[in-house]
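Reading through the structure tokens given below for one structure.
Values in this text are rule-based calculations from the coordinates and carry no lab data. Every value quoted in this text rests on a predicted model; they were computed, and no experiment measured them. Cβ atoms come from the backbone with ideal geometry, glycine included; neighbour counts cover every protein chain shown.
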Amino acid sequence: MQFELTKEHLTSLKEAITRSDKAFLTAELEKLHPADIAEILDEVNLHEAKFIFELIEEEKSADVLVELEDDVREGFLKALSSDEIADQLIDNIDSDDAADVIGELPEEIQEKVIAKIEEEDPEQAHDIVDLLTYDEDTAGGLMAKEMVVVNQNWTITNCLREMRKQAEEFDDVYAVYVIDDDHKLLGLLSLSKMLVSPAGAIISDIYDKEVQSVTTDEEAEEVGNIMDKYDLVVLPVVDEDGVLQGRITIDDVVEVIKEEAEKDYQMASGITADVESSDKIWILSKARLPWLLIGLVGGIFGAKVIGIYEEDIHIYPEMAFFIPLIAAMGGNVGVQSSALIVQGLANNTLGMENIFTKLLKEFGVALINGLICSAIILGYNLIFGDSLALSITVSVALLSVIIIAGLFGTLVPLLLDRYKIDAALATGPFITTLNDILGLVVYFMIGRYMYLSF
């Protein structure tokens, strides 16, 4: 059954800490998954969290550390010595998680931890140092070094013997990779083929040569797209020469996809940094203020537009009633169209269409939606209004604004992506503010022309 942390449960744990009831806490922790324990530690203060953490068995404590929120883990790492980090934690987690933990430490502490690990396990220390050289947003930064590898020239008997030795070091074996004498990736070894083949069979005769792989410098987001497209649970990583470097598992990619989605959502909402609702007031304010200032500047420009056409409003004051409608519809349509383009860019589903084709399709969508909305507002004004000029003005302006906003919302993210700028910018206050201003200009220009015609 899925664990759910309640206020009552959390209170009982805190009370047990207050009375130093280690037996109760140990019994509770034994029943929980590392992710559930991490959830508890995220909700208590540092003193309480350290008390709980010290009661967790060594192997599980390493997994708990990996599951913690970044700010909580940072506090834990500061409270531990370099020897404690090396002895109690790093030995019990995969190399990719170990590299992530060590990467959060100050450089001086990193060196001490790595030196301690090198004393006990030089190979693991080498792997961690190698992983720390890669950017965290690349395949190299995601991969782990633990994997089962066999040589194409081995026999089945030799292969089984070597696989047993390697598998003893891992909790999970996701795939068996076949390499040549230069450690270049050749393919995958199917366990079913190996089991039905004679003991003297050579691996080169039975392995599967079709294998998806990525290079160490591949972007993490693209790794996620590849694993999703080919329905993979593990993906090998090679260098530019095809030499096998490591493997990426689906749990690492899910985390990347989640973080990318959160970042895009925050950016689309006008938040410029990766923040949580639990962060300090100043951090939250600093992350949200820039786009609010941009929205403020946009509002000033919008007011300027209204000021330019102030004389028209004096002559035709009824036009002012529909200013919010025109601005809101332009912003909404722009966000809709840009959101679809950004989504397509993120998951590579835009297809082979060029920009002109995409704009033409959006024009068709905007035209249909615009005609329907314009017809509705025209009917409303004809029934409840008394000015034919206003009715036609609002309907024509609304149709024009919807089409322009749709085209603009499609074009902007495509152009941002072409120039290597995060297209998620186009779905937030940026596109909304611009469409508000543009919509007002179009509305008043059409209004002036219509009223002069009538």
(request) At 0.36 nm per residue, minus the direct Cα-Cα distance, what do Leu160 and Glu8 gain on full extension? Give it in nm, one decimal, please. (result) 49.5 nm
(request) Taking amide H positions as placed in the peptide plane 1.01 Å from N, state which residues far from Thr215 in sequence (5 or more) or on other chains have amide H under 5 Å from it. (result) Val238
(request) Calculate one ³J(HN,Hα) per residue across the stretch 244-260 by plugging θ = phi - 60° into the Karplus curve 6.51 cos²θ - 1.76 cosθ + 1.60, and present them in order as whole Hz with x for glycine and proline. (result) 5, 10, x, 9, 10, 9, 4, 5, 5, 6, 4, 4, 5, 4, 4, 5, 5
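What number, in percent, do you get for the relative contact order of the chain if the mean sequence gap of Cα pairs under 8 Å and at least 6 apart is divided by its residue count?
Numbers: 593 pairs, mean separation 47.4, N = 454.
In percent, rounded to a whole number, it is 10.
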(message) Could you list Met143, Met445, Met329 so that the one with the fewest beta carbons within 10 Å of its beta carbon is first and the one with the most is last?
(response) Met445, Met329, Met143
(message) Output the 0 to 90 degree angle, nearest 10, between the alpha-carbon long axis of helix 281-308 and the longest principal axis computed from the alpha carbons of the chain.
(response) 20
(request) Could you sort out which of Lys116/Lys229; Lys116/Lys280; Lys112/Lys165 sit more than 32 Å apart by Cα distance in this structure? (result) Lys116/Lys229; Lys116/Lys280
(request) Can you spot the lysines whose alpha carbon is less than 27 Å from Lys22's alpha carbon? Ignore those fewer than 8 places along the same chain. (result) Lys7, Lys14, Lys31, Lys50, Lys60, Lys78
(message) Between helix 122-132 and the chain, what is the angle of the helix's C-alpha long axis to the longest principal axis, kept within 0 to 90° and rounded to the nearest 10?
(response) 10
(request) Taking the chain as the reference, fit the longest principal axis to its C-alpha atoms, fit the long axis of helix 70-79 to the helix C-alpha atoms, and give the angle between the two in degrees, 0 to 90, nearest 10. (result) 40
(message) Give me the percent relative contact order of the stretch 148-254, please, defined on Cα pairs under 8 angstrom at least 6 residues apart.
(response) 25
